[in-house]
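Here's the structure, in structure tokens; my notes come after.
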Protein chains: 2
Amino acid sequence: MPRTNFTRALGEMSAQMVEMNRLVAHAVREANRALGAADGALAESVISGDALIDAFYAEIEQNAIDLLARESPVASDLRLVVTALQLSASMERTGDLARHVAELVRMRYPELAVPAPARETMTEMGRLALALVEGAGEALATQDPGVSQDLEVLDDSLDALHVRVFETIRLEITDTQEAVDLTLLSRYYERIGDHSVGVGRRMGYLATGRLDRPGEDAHAVTVA
Amino acid sequence: MPRTNFTRALGEMSAQMVEMNRLVAHAVREANRALGAADGALAESVISGDALIDAFYAEIEQNAIDLLARESPVASDLRLVVTALQLSASMERTGDLARHVAELVRMRYPELAVPAPARETMTEMGRLALALVEGAGEALATQDPGVSQDLEVLDDSLDALHVRVFETIRLEITDTQEAVDLTLLSRYYERIGDHSVGVGRRMGYLATGRLDRPGEDAHAVTVA
């Protein structure tokens, strides 16, 4: 493949990642709406839509491997291909987590899955998780490592809400099934945030060639 | 690098992955013991030991990228390097999950973190999760795709216990904090199983060149 074709292939891979992230953001947005409104049909569409995200993952991974085999990229080109491998896996996982939110909506339908005392906090967690995924999309599209800092700040807020959910359970929830549901939902959103932060950090790697260790998921257990 | 040196470098990478898995299995084993005995000191050692697992991840990833840059591997050599990138990430994550179990032990110390009605099930979950990690190590060491099938069977048993924990919560647990703790622990073990199954599948990829999509974590929410 002549060099210009290789450059084009790399550009296509970047565009694929941006598009995959757009699908993932859509899944999170719809899962949020389904959760807030106990919308079973919308939850079903999130669940069935996950297959398309999985297909993107498979395609990006195969393209990355093909590019490595055919083009033997080095330096920043190699970093881009390796990053595509890693971030497509992370986005696929984010899609799974949005699906899990939707699965819980379906399970509790026609009831609202989130009990009243935690509703406001959970809505805000969904909003922040979506902002993080959208921010990760911006990091992917612009390859601007500065976006990474903004994501860390958003994620700190999300982690604080994760703690608040456990406080709410302790103080205001008496039904153990509600406690289970809130624990899972809060954990799903918290993990979505972690994955998006990871995308930002990997974009920093693309720009600098320096690998920041993820060190994610430091706040897994925050039950006081 | 002459070809024989490259072959040696690939062999070293495989050995590193086996060694990393051995550390991860150790973490899961010790987390299980700490959980069963409310052993705070053991929990601390699992928590602090996670840094070594993270360091292995960083080293394997850097080695993989260096090999891609220097050697431009193709075919099965390329697959091995790409697999090393993916599986080191997955093993790092399994180490995090073992750490989370230990963190919960520390948080509840000197009390037992698992309430009596769920103790037997949780012990069995820990045993199965460890067997899965050890099986993943066998898959790594032997590159035998047949091990993958055994892992799927073990993981089905682990998923069944995950469901049983939610049943136990529903029928026998009245304290919401106990419900939260059990939900998190069960989810951690269930995810450890998924990661190990993923290792087995990727080993199949090494042997066949055919990428089975992970499709993992199908049983995230199983509260009836």
Exercise for review: Note the angle between two axes, namely the Cα long axis of helix A:176-208 and the longest principal axis of the Cα atoms of chain A, as a number of degrees from 0 to 90, rounded to the nearest 10.
Suggested key: 20 degrees
Revision key, fill the gap. Which residues qualify? For residue B:175, with a placed amide H closer than 5 Å and at least 5 residues away or on another chain, they are none
Practice item. Averaged over every viewing direction, what's the projected area of the C-alpha convex hull for the protein assembly as shown? Give it in nm², one decimal, please. Key: 19.4 nm²
Practice item. Calculate how steeply helix A:40-71 sits against the longest principal axis of the alpha-carbon atoms of chain A, using the helix alpha-carbon long axis, and give the answer as 0 to 90 degrees to the nearest 10. Key: 20 degrees
Exercise for review: First select every other residue whose beta carbon is under 15 angstrom from the beta carbon of residue B:49; then total the charges, Lys and Arg +1, Asp and Glu -1.
Suggested key: -4
Revision key, fill the gap. GNM of chain A, Cα pairs under 10 angstrom: of A:97, A:52, A:35, the biggest fluctuation goes to A:52
Practice item. Could you pull the copy-to-copy label distances for residue A:153, with points set 7 Å along Cα to Cβ, in nm to one decimal and sorted shortest first? Key: 5.5
Exercise for review: Would you kindly work out the equivalent ellipsoid of the range A:1-66 from its C-alpha gyration tensor and give its semi-axes, the square roots of five times the eigenvalues, largest first in whole Å?
Suggested key: 33, 11, 6
Review point. Say a label goes 7 Å from Cα toward Cβ at residue B:58 in every copy; what distances in nm does this one have to the rest, shortest first?
Key: 3.6
Revision key, fill the gap. One computes Rg over Rh for the range B:2-208 from alpha-carbon atoms, with the Kirkwood Rh, and obtains 1.04
Practice item. Return one number: the angle in degrees, 0 to 90 and rounded to the nearest 10, between the long axis of the Cα atoms of helix A:119-142 and the longest principal axis of the Cα atoms of chain A. Key: 0 degrees
Review point. Under a Cβ-Cβ cut-off of 14 Å, what is the net charge of the residues other than residue B:175 that fall near it, where Lys and Arg count +1 and Asp and Glu count -1?
Key: -3
Check your understanding: Measuring label to label, 7 Å along Cα→Cβ, what does residue A:141 give against each other copy in nm, shortest first?
Key -> 5.0
Check your understanding: What is the fewest-to-most order of B:44, A:92, A:61 by other Cβ atoms lying within 10 Å of their Cβ?
Key -> B:44, A:61, A:92
Exercise for review: Per DSSP H run of n ≥ 4, the term is -39500 (n - 2.57); total these for chain A, divide by its residue number, and report the mean residue ellipticity at 222 nm rounded to 500 deg cm²/dmol.
Suggested key: -30000 deg cm²/dmol
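Laboratory data are not the source of any read-out in this text; all were calculated from the coordinates shown. None of these values were measured; they are calculated from a predicted model. Cβ: placed from backbone, ideal geometry, glycine included. Neighbour counts: every protein chain shown.
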